[in-house]
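Each value in this text was obtained by applying a stated rule to the coordinates, not by laboratory testing. Computed from a predicted model, the values in this text were never measured in an experiment. Note that we place each Cβ from the backbone using ideal geometry, even for glycine, and neighbour counts take in every protein chain shown.
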Amino acid sequence: MHQRVARDAKPRMLMESLLGALTPLFATLTALLVGAAMLLILGANPLEAYSAMLRGAFGSTNAVADTLVKATPLLFVGVGICIAFRGGVLNIGGEGQLVAGAVAATTVALALPQWPGWAIIPLCLIVGFLAGALWGGIAGALKAYLNVNEILSTIMLNMIAVQGMNFLLRGPLMDPVQIESGSFIPQTARFSTTTDLPRLVPTRLHAGAALAVILAILIYIFLWRTTIGYRIRAVGLNPDASRAAGINVKRYMMLSLVLSGALAGLGGAVQVLGLHHRMFTDGSATGFTGGAGFNGIVAALFGKLHPLGTIPASVLFGALLVGANQMQRAVQVPSSFITALNGLVVVFVVGSDILSRRRARRRESLPSAEVPALDVQPEAEV
């Protein structure tokens, strides 16, 4: 009897797993359908608009390269978000951590212009990594040892990072040429070409994209195949049980935010070395980050908060961001529509994640008699 029930339950469990994996995709398609209705109201042809979006994101070698370049900071931030979530904390400070890493790498690149590329590039990346770790560690320490809500602390640290960037780029790090000309544009001088990350000529695709993918794979191995990763996930799943098992909950909670911030900081360093080759600002974080600190959160949610799932999710959102610009030019819709379309995708993806979690909680709350016991080996994952 139990074997027959188990055989009936296995396909159902597989179907539920498949449905859970496809839920973000369904959410994105729903958002695009709502966007199509908005396009009709604006007098534009939805098929023409979305065709232009696809061409803008994947229609040529340069388009694909631009999509991957746009996806790179999203992947750095998104994988960091996965670490924080698995440790039971929420990191909303990706913008500030990107800025901190970029400013640190910029300072080193400007201070050591004569260093060869094989030395200055790793040094800048390491400094950016450490700066992001420090920025995330502040919020982690406040959460672990003073019980300060990490959402509030990371948002406030975003503002501190932005104002620090504005001060430095209008003062100590400002391009001397701008000062001499009297224009006072808040940007640094162009870095030495020895700091440029290798790129695929003639596109803008640089080695930072490959580094982001490699790190996503390594973080998966770290979280699911190492003792420290196991403890981080255990703390995120049940801090009380972890504490009873002898795990230092505060230490691993803080570590998850340190590592999350470190990856975002590394993403900021990659942006200045691989793409911009200088630091600049318009007075806000998005002037430099392009909103990658917040879009990376959505990419992580779309990837089911799994480092490997965040890779295609980041590419998808990179394609949406790049293709939206082409769509705007093709069908002459206002720029506010592009913002609204991105917002719709965010709302539907986040909403689908909430619904998935509620459905999972309802399954867990079923009486034991309604849940058949399966004669399978338990998974090693926590």
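Numbers for the structure displayed
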| read-out | value |
| --- | --- |
| For the chain, calculated [θ]222 nm from helices alone, where every DSSP H run of n ≥ 4 adds -39500 (n - 2.57) | -25000 deg cm²/dmol |
| Of the DSSP H helices in the chain, those whose Cα atoms cover at least 20 Å axially and whose Kyte score averages -0.5 or more | 2-41, 61-86, 94-111, 117-146, 150-169, 207-225, 249-271, 307-331, 335-364 |
| Contact order normalised by residue count of the range 49-195, Cα under 8 Å, 6+ apart, percent | 24 |
| In the chain, lysine pairs with alpha-carbon atoms under 28 angstrom apart (chain gap of 8 or more, or interchain) | 5 |
| Where Rh is the Kirkwood radius over Cα pairs, Rg/Rh for the range 178-267 | 1.23 |
| The chain: relative contact order in percent, alpha carbon pairs under 8 Å with at least 6 residues between | 34 |
| Residue exposure sequence - ARG190, ARG86, ARG225 - by fewest surrounding Cβ within 10 Å | ARG225, ARG190, ARG86 |
| Order of TYR230, TYR252 under a 10 Å beta carbon neighbour criterion, fewest first | TYR230, TYR252 |
| Relative contact order [Cα under 8 Å, 6+ residues apart], the range 115-206, whole percent | 27 |
| Separation between Cα centres of the range 123-188 and the range 191-239, rounded to whole Å | 21 |
| Fluctuation leader among LEU47, LEU130, LEU32 - the chain, Gaussian network, Cα springs under 10 angstrom | LEU47 |
| Where only alpha carbons of the chain are counted, the Rg and the Dmax (Å) | 22.6, 85 |
| Order of THR72, THR194, THR310 - criterion: other Cβ atoms within 10 Å of each residue's Cβ, fewest first | THR194, THR72, THR310 |
